[in-house]
Amino acid sequence: MRRRRGMPDIKEGGVNVTPLIDVVMCLIIFFMLVAKIGVDTGADQRISIPASLQGTDIKDMGNTLTLNVQPGPIDQPMVTALVGGVQQEVKLVDSNTGQKPLLNTLKRFRFGYDLKPGGTKDSLDNPDFKVIIRGDQDMECRFLEPVLITCAEAQVKNVSFNTRKVVEQP
């Protein structure tokens, strides 16, 4: 009996999984790009932020520094931020050296240079840099004022306040 040459031999149980692997890899890459799992904005969750009826959602959190402001000792605000991947206190004025760490940090994000003595001044203007201020709802405005003045001195053009939405009662 002669075999026909046009038809390939059928092998039992031979499933080609290469296209399946390609699809799964594409899905993994898609979900990695879209997911916000593990993204730390530097927001201190212990701060009870005020409620607001109006406002806009910030969609793009890139190029943003979140400042957590709480009442501190000696009528000065205590400001913390995520700088260099570490949540740390950023003082308005260092009482030992007289330097302004918050102003220097904001200028480093805004203009892209290090203001320490001997630091380089490679001007990388970043006009789209944003600051989000998270203040405690029971905090007096006098603690926010020096933080806002420091943002103005650093020429930050976009300053927002983090609030929570009020659930309207019918």
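If you take the residues of region 129-143 that are crowded, with 16+ Cβ neighbours inside 10 Å and hydrophobic (A, V, I, L, M, F, W, C), which of them is nearest to V93 (Cα to Cα)?
The extreme case among them is F143.
I want to confirm something. Restricting to region 115-166 and keeping residues that are part of a loop (DSSP other than H, G, I, E, B) and of a type in the set (V, I, T), which single residue is modelled with the lowest pLDDT?
T120
Looking only at residues in region 72-113 that are over 18 Å from D128 (Cα atoms) and among the basic types (K, R), which one is modelled with the lowest pLDDT?
K91
Please work out if Q169 is within 19 Å of I49 (Cβ to Cβ), at pLDDT below 85 and not basic (K, R).
no
The values are calculated or read from the model by the stated rules, or taken from the named source; none is laboratory data. None of these values were measured; they are calculated from a predicted model. So basically every Cβ, Gly included, is an ideal-geometry build from the backbone, and we count neighbours across all protein chains shown.
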